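Read through the structure below, which is laid out as structure tokens, and then see the notes.
Just so it is clear, none of the values below were taken in a lab; they were calculated from the coordinates. Nothing here was measured: the structure is a model prediction, and the numbers come from that model. Glycine gets a Cβ as well: all are built from the backbone with ideal geometry, and neighbour counts include every protein chain shown.
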Amino acid sequence: MIEPTSTSTPTLPDWATGPFHDFLGHQQDLARILHMSASGISMLRGRYQAIKVLKEIDGEAEETDDLKWAEREKELAQQEVDNDFPLLHEQATVFLWGSLEALVRSFAASWLANRPETWRNEAIKRLRVRLGDYQSLDPTERCLWVVDLLDQESGGPLHAGVARFESLLQPLGLTGAFPEEGRKALFELSQIRNAIVHRRGRADRRLIDACPWLIISSGEQIKISHAMWKSYDAVVSEYVMELIQRVRESFGLKRYKAKNVTTTRNG
């Protein structure tokens, strides 16, 4: 539960809160789709028996293509249920990290567009901008283009976990502390995401060395349980809340007082 620290109701401008509202909406939709997909897959297990019974009632003894397909669906659905829906959680994990990256990118662009004093930061002033490319862009796209340049110059894509974002937020004056346990969780999330995207979800020496606390062997298929997914979703929410707090402070507002907010970790 979040409670304001003051009885007044100062607000942030829409351009500062918009990216966060968009992210939180996507995050909520992701959780709902994940739940709906798991429920739908579970229900498929009963479809085969229903079709078989109806065919027996209709006197159809021959095993038709639709019955064979339903049986295969039942087997695959049972595998997913028995393994706690690893494929669904894989895709949700990749989407979650990608959404966080998109949030920081879009917010940084909005910050540049609306806080002109930020352009005086040395890291931004040193950017090599090709004026022809810059002028050819739509005004709404120019700040995104500059953010991408800044991200490359700061080595953002080479960083993992929180560092992936803090390197981009630093020129904006929006860096800050984040609990060590949360940093560890976001680092793990970034490493798991990379293994899913680049190594088809199999652990390799890079992942094992980066996250020695994971009990996994080289070449083993990573299985993201629902408990793991919830821990990733929770720590992303905590980091987004931390970013909102920093934005509030930059506007001279007090932080919200967060109660009973903890990072859920799995094993």
Report the relative contact order of segment 86-158, percent, no decimals, based on alpha-carbon pairs under 8 angstrom and at least 6 residues apart.
37
Contact order normalised by residue count of the chain, Cα under 8 Å, 6+ apart, percent:
25
Between residue 115 and residue 230, 0.36 nm times their residue separation minus their Cα-Cα distance comes to what?
37.9 nm
Helix axis angle, 139-153 relative to the chain longest principal axis, alpha carbon, degrees:
90
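Tell me the chymotrypsin sites (Phe, Trp or Tyr not before Pro) within segment 125-213 that lie in a loop according to DSSP and have at most 11 other beta-carbon atoms within 10 Å.
Listed in order of number, the matching sites are 213.
Net charge around residue 126, counting only other residues with Cβ within less than 15 Å of its Cβ (Lys, Arg = +1; Asp, Glu = -1)?
+1
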Amide H neighbours of residue 127 under 5 Å, at least 5 residues apart or on other chains, H built in the peptide plane: list them.
none
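Just add up the charged neighbours of residue 219: K/R +1, D/E -1, any other residue whose Cβ is under 9 Å from the Cβ of residue 219.
Local charge sum for residue 219: -1.
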Classify segment 134-267 from the C-alpha gyration tensor, please: rounded if a/c falls under 1.5, else prolate or oblate depending on whether a/b exceeds b/c.
oblate
Expressed as a whole-number percentage, the relative contact order of segment 20-93 with C-alpha contacts under 8 angstrom and at least six residues apart is 43
Specify the residue with the greatest mean-square fluctuation among 252, 132, 18, computed from a Gaussian network of the chain linking alpha-carbon atoms under 10 Å apart.
132
I need the calculated FRET efficiency for the pair residue 177 and residue 250, taking r as the beta carbon distance and R₀ as 22 Å, to the nearest 0.05.
0.90
Can you give me the long-range amide H partners of residue 204? Hydrogens built in the peptide plane at 1.01 Å from N, cutoff under 5 Å, separation of 5 or more residues or another chain.
219
³J(HN,Hα) computed for each position of segment 189-194 - Karplus, 6.51 cos²θ - 1.76 cosθ + 1.60, integer Hz, glycine/proline x:
4, 5, 6, 5, 4, 5
Whether segment 54-165 is rounded, prolate or oblate, judged on the alpha carbon gyration tensor where a/c under 1.5 counts as rounded:
prolate
Which whole-Hz couplings ³J(HN,Hα) result when phi for each residue of segment 122-138 is put into the Karplus expression 6.51 cos²θ - 1.76 cosθ + 1.60, θ = phi - 60°, listed in order with x for Gly and Pro?
4, 4, 7, 5, 7, 4, 8, 9, 7, 4, x, 5, 5, 5, 6, 7, 5
So how far apart, in nm, are the two label points at residue 39 and residue 58 if each is 7 Å from Cα heading toward Cβ?
2.9
Residue-wise, which Karplus ³J(HN,Hα) couplings in Hz belong to segment 14-21, taking 6.51 cos²θ - 1.76 cosθ + 1.60, θ = phi - 60°, and x for glycine or proline?
4, 5, 7, 9, x, x, 6, 4
